[in-house]
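Chemist: The following block contains the structure, expressed as structure tokens.
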Amino acid sequence: MEACQLTVGYRTKKARNSVASNINFALGQGELMAIVGVNGAGKSTLLRTLGKVQPQLSGEVFLNGKNLANYSPMALAAEISVVLTEPIASKNMTVEELVALGRQPYTNWVGTLNDDDKSKIKTAIWMLELEALQHKKCYELSDGQLQRAMIARALAQDTAVILLDEPTTHLDLYHKVQILKVLKSIAHETKKTVVFTSHEIEMAIQICDTMLLLDPTAHTFGPPCKLIEQRAFERLFPADTVSFDAKTGSFKIEK
Amino acid sequence: MGSANTYRLNFILLFVALLLCTGINISLGSVSIPLEETFTSLFGGTLENTSWDYILWNYRIPKAFTAILVGSGLALSGLLMQTLFRNPLAGPFVLGISSGASLGAALLIMGASLFSGLSIFSFVNDVSLAIAASIGSFLVLMAVMVVASRVKDTMTLLIIGLMFGSITAAIVSVLSYFTDAEKLQQYIYWSFGSVGNLSWSQLSLLLGIIFIGTILSLVSAKSLNALLLGENYAQSLGVNLKKSRFYIIIATGILAGGITAFAGPIAFIGLAVPHLTRQIFNTTDHRILLPAVLIYGAILMLLCDTVAQLPGSANVLPINAITSILGAPVVIWLLVRKRKMVF
């Protein structure tokens, strides 16, 4: 997956409201990338644009060397799956039913699941450790469990790219780490490209292959250690409030 | 995903219940006909009592058939709307489709006194009433669809539908105010709802409407399941939003519009049946729910009609009142029991 001179934002009748512009990055198979930045930097907007949930203002996104604009909705559904921040409309379905919906791009017009579909659903449920919960209704789940079920659904969709918008928000430290570790194993074991937005910069530094730092002045993209060398994290927040310690890779509150 | 056997058993039970309700509905009325005689006649036998035969084939059976079609169609349109609008309280009434039909009927019945110069308005019978109501509901449906193509958010669409309903209701009020007592009474009788008085030819037309609505819904079953996640997720699963929304809205429109045209506005079946069906089948899968609401809607409508006939008496209660009296407590019970209405 590749982005060239991408500008994301919102278009109204009168004006183009660009949120982040001139974004460039290139990702290989099996890579885990975090998009980080301050509130309002355009993380979610960028992620939604990459998933074609909303149109870009300018620039291009390429997937397998083919322009994203040239993918039909059906073809795209087999290449990109998404986990968004918006809650699912109906929480009355079971975890298994939810995960099974991920197979929709591959099933026939009535949606009959064949053996291959069933085994992919089973694998997704197993990878996210949802076996004990699979017959529970979504409204019975905790935030962390529901997030895992949503990731399992995306995994069952069996796409080359999985996009996740703030998958660790509202979770405690343990569950944050749990989700991030699952994302890492999905990327490395199933050779899928996993992209997520996050406010957990310190954790992302430890776990990601590459990071994209959205900064109003200049966006930086690369492996976390390289970004540390470039002092990219120091610029992120006002230095008199929060400072970055390059040795430990963590932020400190300035007193 | 419950086991296939549970579903099969549930479907068999529902089907038996449907047959039983049909039998009871046909045998009861101002003249009570024994159940076994009813079934004999239904399955091709001849009855010794020819007046019973006449009552059955010219009055009771068409009425039961209408009740089945009306109940199925309303329940189906209710299910479609609840999923499309992601709102457990959606039903055929909320898009203003039923109000549109009412407006058409009101204009035909009561408009005559306002526009006395127009001769077409003086010709009021069942057929013209059905046509007027259909035109009314389709005009509102068209308006809603034009808005739907511009407004992406379905919650906004739902509110716009409600507003259309208010506007049409207001016009009906103005018409009622200026019309004479006789016309007003005629309109009010229509608004009571009725599953009787339909000829076999009208019934076949209604059957056609239900058939098209059902086919469109079945084609949309997969998209409906994806829409349970929300529109953005559905799109990410490869669903063509514009097309499936179009199919679903058309299906809802012809179902609710056509039925209201023939049987008058009938409340609560569309709202309550999908919820009751989800209770029984305990699934959100539309491949199960679609056929299930069809049968369940028919059963409930037959029961309501049986009650409305006041067995043993010569009086008939308005069907719309019965569905509301039975339907509203059901919705309240669901809300209280489950605390939160899910769909």
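Chemist: What pairs come out if I take residues in the range A:8-29 that are in contact (Cβ under 8 Å) with a residue 60 or more places away in the chain and under 29 Å from A:C208 (Cα atoms) and pair them with residues that are surrounded by 13 or more Cβ atoms within 10 Å (Cβ to Cβ) and of a type in the set (K, R) whose C-beta lies under 9 Å away, six or more apart or interchain?
Modeler: Here the result reads A:A20/A:K43; A:Q29/A:K192, each pair linking the range A:8-29 to a residue that is surrounded by 13 or more Cβ atoms within 10 Å (Cβ to Cβ) and of a type in the set (K, R).
Chemist: Condition first: part of a loop (DSSP other than H, G, I, E, B) and small (G, A, S). Now tell me which residues in the range A:34-51 satisfy that.
Modeler: Listed by number, the residues that qualify are A:G40, A:A41, A:G42, A:G51.
Chemist: Which of the residues spanning the range A:124-144 are touching a residue at least 24 places away in the same chain (Cβ under 8 Å) and in a helix (DSSP H, G or I)?
Modeler: Hits for the range A:124-144 are A:A124, A:I125, A:M127, A:L133, A:C138, A:Y139, A:D143, A:G144.
Chemist: Further question: Check off (1) more than 12 Å from every other protein chain (Cβ to nearest Cβ); (2) among the hydroxyl-bearing types (S, T, Y); (3) under 30 Å from A:M203 (Cα atoms) for A:T12 and give me the number that stays unchecked.
Modeler: Of (1) more than 12 Å from every other protein chain (Cβ to nearest Cβ); (2) among the hydroxyl-bearing types (S, T, Y); (3) under 30 Å from A:M203 (Cα atoms), only one is false for A:T12: (3).
Chemist: For A:G42, are the conditions met, namely being within 14 Å of the chain's Cα centre (by Cα), more than 10 Å from chain B (Cβ to nearest Cβ) and at pLDDT below 95?
Modeler: yes
Chemist: Still on this model: Test B:L241 against the criterion of being out of contact with any Leu (no Cβ under 6 Å at 6 or more places or on another chain), over 30 Å from B:A130 (Cα atoms) and surrounded by fewer than 18 Cβ atoms within 10 Å (Cβ to Cβ), and give yes or no.
Modeler: Yes; evaluated as a whole, the condition is true for this residue.
Chemist: Are any residues in the range A:16-50 basic (K, R) and in contact with a His (Cβ under 9 Å, 6 or more places away or on another chain), and if so, which ones?
Modeler: A:K43
Chemist: Does A:E140 count as acidic (D, E), touching a helix residue (DSSP H, G or I) at 6+ places or on another chain (Cβ under 8 Å) and more than 10 Å from chain B (Cβ to nearest Cβ)?
Modeler: It is false that A:E140 is acidic (D, E), touching a helix residue (DSSP H, G or I) at 6+ places or on another chain (Cβ under 8 Å) and more than 10 Å from chain B (Cβ to nearest Cβ).
Chemist: Looking only at the range B:124-133, decide whether some residue is surrounded by 24 or more Cβ atoms within 10 Å (Cβ to Cβ), of a type outside the set (D, E, K, R) and modelled with pLDDT under 85.
Modeler: Checked against the condition, which is being surrounded by 24 or more Cβ atoms within 10 Å (Cβ to Cβ), of a type outside the set (D, E, K, R) and modelled with pLDDT under 85, the range B:124-133 yields at least one hit.
Chemist: Shifting gears a bit: In the range B:1-30, what residues are loosely packed, with under 15 Cβ neighbours inside 10 Å and either more than 14 Å from chain A (Cβ to nearest Cβ) or hydroxyl-bearing (S, T, Y) (or both)?
Modeler: B:S3, B:N5, B:T6, B:R8, B:L9, B:I12, B:L13, B:F15, B:V16, B:L19, B:L20, B:S30
Chemist: Among the residues of the range A:59-66, is there at least one that is among the polar types (S, T, N, Q), in contact (Cβ under 8 Å) with a residue 24 or more places away in the chain and not in a helix (DSSP H, G or I)?
Modeler: yes
Chemist: Moving to a separate point now. Sort out which residues of the range A:91-104 are touching a His at 6+ places or on another chain (Cβ under 8 Å) and at the interface with chain B (Cβ under 8 Å from one of its Cβ atoms), and write them in order of number.
Modeler: The answer is A:T94, A:E96.
Chemist: Here is a further query. From the list B:A75, B:A64, pick out the single residue that is within 17 Å of B:N320 (Cβ to Cβ) and crowded, with 17+ Cβ neighbours inside 10 Å.
Modeler: Only one candidate passes the filter, namely B:A75.
Chemist: Sticking with this structure for a sec: Within the range B:244-269, take every residue that is modelled with pLDDT of 90 or more and of a type outside the set (A, V, I, L, M, F, W, C) and give me the one that is farthest from B:W190 (Cα to Cα).
Modeler: The extreme case among them is B:S244.
Chemist: Where the second residue is in a loop (DSSP other than H, G, I, E, B) and not aromatic (F, W, Y) and the first is touching a residue at least 40 places away in the same chain (Cβ under 8 Å) and lies in the range B:14-34, which pairs have Cβ atoms under 6 Å and are six or more apart or on separate chains?
Modeler: B:L28/B:P311; B:G29/B:Q309; B:S30/B:A314
Chemist: Taking the range B:161-188, which residues are aromatic (F, W, Y) and modelled with pLDDT of 85 or more?
Modeler: B:Y177, B:F178, B:Y187
Chemist: Only one of these is away from chain B (no Cβ under 14 Å), buried (at least 16 other Cβ atoms within 10 Å of the Cβ) and modelled with pLDDT of 90 or more: A:V36, A:V53. Name it.
Modeler: The unique qualifying residue is A:V36.
Chemist: Further, regarding this structure: Considering the range B:59-98 alone, what residues qualify as being modelled with pLDDT under 85, closer than 13 Å to B:A261 by Cβ and not β-branched (V, I, T)?
Modeler: Across the range B:59-98, the qualifying residues are B:P92, B:S98.
Chemist: Test B:L228 against the criterion of being closer than 30 Å to A:S81 by Cβ, within 14 Å of chain A (Cβ to nearest Cβ) and at pLDDT 85 or above, and give yes or no.
Modeler: yes
Chemist: Among the residues of the range A:12-23, count how many are in contact with a Leu (Cβ under 7 Å, 6 or more places away or on another chain) and within 17 Å of A:G51 (Cα to Cα).
Modeler: Summing the residues that are in contact with a Leu (Cβ under 7 Å, 6 or more places away or on another chain) and within 17 Å of A:G51 (Cα to Cα) in the range A:12-23 gives 2.
Chemist: (1) away from chain A (no Cβ under 14 Å); (2) assigned to a helix (DSSP H, G or I); (3) more than 13 Å from the chain's Cα centre (by Cα): which one isn't true of B:I288, the others all being true?
Modeler: Result: B:I288 fails condition (1) only.
Chemist: Can you name the residue in the range A:5-33 that is out of contact with any helix residue (DSSP H, G or I) (no Cβ under 8 Å at 6 or more places or on another chain) and assigned to a loop (DSSP other than H, G, I, E, B) and is also surrounded by the most Cβ atoms within 10 Å (Cβ to Cβ) among such residues?
Modeler: Filtering first and then ranking leaves A:L27.
Chemist: For the range A:100-115, how many residues meet the condition of being assigned to a loop (DSSP other than H, G, I, E, B) and on the phi < 0 side of the Ramachandran plot?
Modeler: Residues that pass the stated criteria total 7.
Chemist: Given the structure, is A:V177 in contact (Cβ under 8 Å) with a residue 40 or more places away in the chain, among the hydrophobic types (A, V, I, L, M, F, W, C) and either over 16 Å from A:V83 (Cα atoms) or more than 14 Å from every other protein chain (Cβ to nearest Cβ) (or both)?
Modeler: Spelling it out, it is not the case that A:V177 is in contact (Cβ under 8 Å) with a residue 40 or more places away in the chain, among the hydrophobic types (A, V, I, L, M, F, W, C) and either over 16 Å from A:V83 (Cα atoms) or more than 14 Å from every other protein chain (Cβ to nearest Cβ) (or both).
Chemist: Under the condition of being over 17 Å from the mean Cα position of the chain (by Cα) and either more than 10 Å from chain B (Cβ to nearest Cβ) or aliphatic (A, V, I, L, M) (or both), which residue from the range A:69-90 is nearest to A:L6 (Cα to Cα)?
Modeler: Applying the filter and picking the extreme gives A:A69.
Chemist: Out of curiosity, is A:I125 more than 22 Å from B:L227 (Cβ to Cβ), modelled with pLDDT of 95 or more and not charged (D, E, K, R)?
Modeler: Considered against the rule, which asks whether it is more than 22 Å from B:L227 (Cβ to Cβ), modelled with pLDDT of 95 or more and not charged (D, E, K, R), A:I125 comes out as yes.
Chemist: Any residue at all in the range B:252-274 that is within 14 Å of chain A (Cβ to nearest Cβ) and assigned to a helix (DSSP H, G or I)?
Modeler: Taking every residue of the range B:252-274 in turn, at least one turns out to be within 14 Å of chain A (Cβ to nearest Cβ) and assigned to a helix (DSSP H, G or I).
Results for (1) touching a helix residue (DSSP H, G or I) at 6+ places or on another chain (Cβ under 7 Å); (2) buried (at least 24 other Cβ atoms within 10 Å of the Cβ), shown as yes or no for each residue.
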residue	(1), (2)
A:A154	yes, yes
A:T168	yes, yes
A:K176	yes, no
A:V182	yes, no
A:T190	no, no
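The values are calculated or read from the model by the stated rules, or taken from the named source; none is laboratory data. Since we're looking at a predicted model, the values are computed, not measured. Backbone-built Cβ (ideal geometry, glycine too); neighbour counts: all protein chains shown.
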